[in-house]
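Just below is one structure, and these are the notes that go with it.
Each value in this text was obtained by applying a stated rule to the coordinates, not by laboratory testing. Just so it is clear, the model here is predicted, and its values are computed rather than measured. Cβ placement follows ideal geometry from the backbone for every residue including glycine, while neighbour counts extend to all protein chains displayed.
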Amino acid sequence: MPDAASGGLCMGKSENATIKDVAKLAGVSIATVSRVLNKLGVVNPETERRVLSAVNMLHYQRNAVARSLKLKETKSIGIMVPEISNTFFTEIVEQLEKLLGPLGYALLLCSSENSVDEEKRKLSLLLERNVDALLVIPVSDIGSHFNSPSLEHTPLVMLDRKIDGLSCDVVLTDNRKGAYDVTCALIREGRTRIGFLGGDNHVHTSVERLHGFLDAMRDHHLEVESEFILLGGMTQKAGYTLAEQLLTMSNCPDTFFMVNDMVHIGATSYLMSNAPKPFRSNLAFATFDYLYYAPLLKFCHYAVGQPLQLMGESAAQLLIRRMEGDREGFPATVVIEPVIHVMKENGGIVTDEKSMASTSAHSPRFEKVFS
């Protein structure tokens with residue numbers, strides 16, 4: 001028997017209500033239902049109430065695929081990062097979700113697994129799903145696959161890293177300046193033998209940070225000991241392996257610049273478990289990245305904090321503008337100045353007004369709820 005309360009409409013468990021069903025129950029046209037659901041134009045309040053009531057009664061769900069075919073947009077944005085386990089990358093994605101989610105966009109997140117081949121494969125998968133735009137943190141300086149004709153009409157924003165010669169919008173932190181500033185902080189503390197741990201010659205951020213480190217050493221007339229410039233990757237595993245290698249080397253310095261937080265964690269983990277106590281007691285690190293767990297890494301005296309919220313906002317604004325067809329200023333390059341954090345509790349020393357401001361004005365983000 002039909003359900004009288006629903007005007008003769010009763011949907012079985014295996015049936016899905018259609019927009020026609022909603023219109024019939026509400027006693028309006030399909031076009032009116034569409035206007036209400038898509039917030040297009042002015043609709044009589046009573047009519048809107050009837051439509052929304054019918055939607056709730058029928059448990060109506062809009063067909064995103066059909067809608068995307070009609071509007072030629074999927075309201076989805078492809079996000080590709082080198083590794084999902086890297087906290088910095090997931091923090092960036094969280095910022096983008098906060099900004100783009102309320103606008104109705106779904107983020108399709110995938111990892112290139114630090115592999116160019118995997119990056120190419122995931123790029124194809126995202127394009128096959130007709131994403132409206134792409135935000136990519138590239139895995140290396142190889143970028144020919146981002147010149148694909150299939151990307152011609154899909155806005156692309158690169159975040160944190162760039163690929164020289166590629167025409168796309170980019171949002172970056174001033175990596176060179178950040179590395180320079182924290183290396184100078186170590187030198188002002190009286191550290192004169194400083195090594196460089198982690199990195200990859202094919203990753204933009206790594207190269208810029210190495211240049212910043214070398215600039216600081218040169219400007220202070222300090223010798224760079226090439227045997228202690230240890231590249232080897234940007235991961236926790238790389239940091240662990242490189243720290244293990246350090247302990248086998250004679251006359252090893254006790255002060256290092258860590259290329260990123262993943263290498264920092266890996267190296268700290270190994271040294272805490274395996275380095276002799278006298279060696280550990282003199283260790284001092286400066287590192288790039290300041291995340292919520294930073295004060296727990298006890299060898300760290302200074303850290304470069306990347307302004308995640310501002311980076312996310314800049315990237316989101318560029319994505320929205322390009323999806324709306326605004327090409328003004330293309331390709332745009334946004335470079336954001338980082339903040340230097342002094343870990344006084346670990347032995348860091350406040351030596352200038354800039355570092356003094358950073359100790360009071362910034363703290364780790366604790367917005368997350370941990371179980």
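Counting other Cβ atoms within 10 Å, which chymotrypsin sites (Phe, Trp or Tyr not before Pro) in region 252-307 have at most 11 and lie in a DSSP loop?
Here the sparse-neighbourhood loop sites are Tyr293.
Exactly which GluC sites (Glu not before Pro) in region 118-192 are in a DSSP loop and have at most 15 other Cβ atoms within 10 Å?
Passing both the DSSP loop test and the Cβ count: Glu152.
Computed FRET efficiency, Cβ-Cβ of Arg49 and Asp164, R0 51 Å: what is it to the nearest 0.05?
According to the calculation, E is roughly 0.35.
With the cut-off at 18 Å, tell me which of the pairs Lys298/Lys344; Lys120/Lys162; Lys39/Lys75 have Cα atoms farther apart than that.
Flagged as over cut-off: nothing, all pairs pass.
Given H placed 1.01 Å from N in the peptide plane, which residues other than close sequence neighbours of Leu159 have an amide H under 5 Å from its amide H?
Val136, Ile137, Val171
Which Cα, out of Ile77, Ala243, Met158, lies furthest along the positive dipole direction of the chain (beta carbon charges, K/R +1, D/E -1)?
Towards the positive end, the residue furthest out is Ile77.
Once you have the Cα-Cα distance between Gln245 and His59, take 0.36 nm times their residue separation minus that, and quote the gain in nm to one decimal.
60.9 nm
If you work out Rg and Dmax of the Cα atoms in Å from the coordinates, which of (1) 23.5, 84; (2) 26.2, 90; (3) 25.8, 86 do you get?
Only one listed value fits the structure, namely (2).
What distance in nm separates the simple spin-label points at Met272 and His202, each placed 7 Å from Cα in the Cβ direction?
3.2
Hey, quick one: spin label on Arg327, modelled 7 Å out along Cα-Cβ, who in region 146-182 has an amide N within reach, i.e. under 15 Å?
Output list for this probe position: 151-156, 167-169.
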